[in-house]
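Heads up, the thing below is written out as structure tokens.
The values are calculated or read from the model by the stated rules, or taken from the named source; none is laboratory data. Nothing here was measured: the structure is a model prediction, and the numbers come from that model. Positions of Cβ are generated from backbone atoms using ideal geometry, with glycine treated the same way; all protein chains shown enter the neighbour counts. The accessibility values were calculated without ligands, DNA or RNA, using every heavy atom of the protein model including side chains. Shrake-Rupley method; radii C 1.70, N 1.55, O 1.52, S 1.80 Å.
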Amino acid sequence: MSSTKTTQQPSIHPYIPMHYQHFAVDIFFEEQAEIYPLWSGEGNLSYFILNPQTKEVVLIDPDLEILGAYLLTLDQNKLRLVAVIDTHTHAEHATAAPTLSQLLQVPYIMHQQAPSRFVTERIKDGDERTLGGMTFQFLHTPGHTVDMTSIRLGKRLFTGDSLFIKSCGRADLPGGDAGQQYRSIHQLAQFPDDYTIHPGHDYNNHISSPLSAVSQHNHRLQISSQEAFVAFMTAHYAQEEKPDNLEYYVAFNAQ
Ligand SMILES: [Fe+2]
């Protein structure tokens, strides 16, 4: 894995403060929401989701490494954070969600199987929440971890570490299960072609894609049986190094 954020062109837009412009990689519009993906670490993506009418913000998968970017963006633009959500217990970076939740007194939302005692609102498959006037639906998509939950906002799917654009999250880390991952990525691929996916990581500068292109070009979705998929994942990740500081991050995020 190599860092990809340095290859991105800076994206200038009115909200992200100057010092953090290079973490902002794009902007997407969905009904009442503006979506700002922020890139940190070695290919981590967090999502700053703003309702420009109400100035309310929901953060998905905030990374502690860029806590200042979230706080300064909120403060300089007089925006109000209304909730933080982690798609799963991360193993590759430290979450900023408990810090933001406690500092700004906002709910910290995760799946009911998440181990963190800082979670204030535990959701299950199919639950919906209206946050800052934006309606989010939660879809339990285990496989990468037991608590992995994808999030739907309109026709956008925040897929965390289940379905990536040209790949999928690994299933050999704590709580992983390749058979479940196979079922989860196919469940996500069932959404209509005009849906867009926004993954929790990408290591090749692919930060979003229409689902139609993902279904066509993601070779892991082409593997024809669960058995073959499990065999592929097992062989592939036997060669792959574990993420740096894996034990530390899992312990940090689960505390
Ligand atoms: Fe992960």
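In square nanometres, what is one fourth of the surface area of the convex hull spanned by the alpha carbons of the chain?
Mean projected area of the Cα convex hull: 12.2 nm².
Considering only DSSP beta bridges whose two residues both sit in the chain, what percent are antiparallel, to the nearest 5?
Taking every DSSP beta bridge within the chain, about 70 percent pair in antiparallel fashion.
Report ³J(HN,Hα) in whole Hz for each residue of region 181-192, in order, from the Karplus equation J = 6.51 cos²θ - 1.76 cosθ + 1.60 where θ = phi - 60°; Gly and Pro get x.
After applying 6.51 cos²θ - 1.76 cosθ + 1.60, I find 4, 4, 5, 5, 5, 6, 4, 5, 5, 6, 5, x Hz.
Can you compute the helix-only [θ] at 222 nm over the chain? Use -39500 (n - 2.57) per DSSP H run of at least 4 residues, normalise by all residues, nearest 500 deg cm²/dmol.
Values: 7 runs with 65 residues, N = 255.
Per the formula, -7500 deg cm²/dmol.
Output the Cα-based Rg and Dmax of region 179-234 in Å, rounding Rg to one decimal and Dmax to a whole number.
Every Cα atom of region 179-234 included, Rg and Dmax give 11.6, 32 Å.
Under 26 Å between alpha carbons, and skipping anything fewer than 8 positions from K78 in its own chain: which lysines qualify?
Within reach: K55.
Counting heavy atoms of the protein chains only and a 1.4 Å probe, report the per residue accessible area for the chain as a whole number of Å². Walk me through the numbers before you get to the answer.
Working: 10800 Å² over 255 residues.
On a per-residue basis, the chain sits at 42 Å².
For region 173-255, which chymotrypsin sites (Phe, Trp or Tyr not before Pro) are both in a DSSP coil and crowded by at most 16 other Cβ atoms within 10 Å?
Y203
For D63, what residues show an amide H to amide H distance below 5 Å, using hydrogens built from the backbone and excluding near sequence neighbours?
Counting only residues 5 or more places away or on other chains, the set is A96.
Starting from region 223-255, pick out the GluC sites (Glu not before Pro) whose DSSP state is loop and whose Cβ has at most 12 other Cβ atoms within 10 Å.
When the GluC sites (Glu not before Pro) of region 223-255 are filtered for loop state and at most 12 Cβ neighbours within 10 Å, E240, E241 remain.
Which trypsin sites (Lys or Arg not before Pro) in region 112-145 pass both tests, a DSSP loop state and at most 15 other beta-carbon atoms within 10 Å?
Of the trypsin sites (Lys or Arg not before Pro), the ones in loops of region 112-145 whose Cβ has at most 15 other Cβ atoms within 10 Å are R117, K124.
L81's amide H: which non-local residues (gap 5+, or another chain) put their own amide H closer than 5 Å, with H modeled 1.01 Å from N in plane and none for Pro or chain starts?
Those qualifying (amide H under 5 Å, at least 5 residues apart or on another chain) are V57.
Report, in whole Å, the centroid distance computed from the Cα atoms of region 39-62 and region 123-183.
When both Cα centres are located, 16 Å separates them.
For H201, what residues show an amide H to amide H distance below 5 Å, using hydrogens built from the backbone and excluding near sequence neighbours?
L45
Carbon and sulfur atoms: what percent of the 1.4 Å accessible area of region 18-254 do they account for? Don't skip to the end; give the middle numbers.
Numbers: 4740 of 9590 Å².
Solvent-exposed carbon and sulfur of region 18-254 make up 49 percent of the total.
Along region 110-123, what does the Karplus equation 6.51 cos²θ - 1.76 cosθ + 1.60 (θ = phi - 60°) give for ³J(HN,Hα), rounded to whole Hz, x for Gly and Pro?
Running phi through 6.51 cos²θ - 1.76 cosθ + 1.60 with θ = phi - 60° gives 8, 4, 4, 8, 5, x, 4, 7, 7, 5, 9, 9, 9, 10 Hz.
If the reach is capped at under 15 angstrom between alpha carbons, list the aspartates and glutamates near K124, excluding any in the same chain fewer than eight residues apart.
Straight-distance partners of K124: D86, D147.
Could you grab the relative contact order for the chain? Cα pairs under 8 Å, six or more apart, rounded to a whole percent.
15
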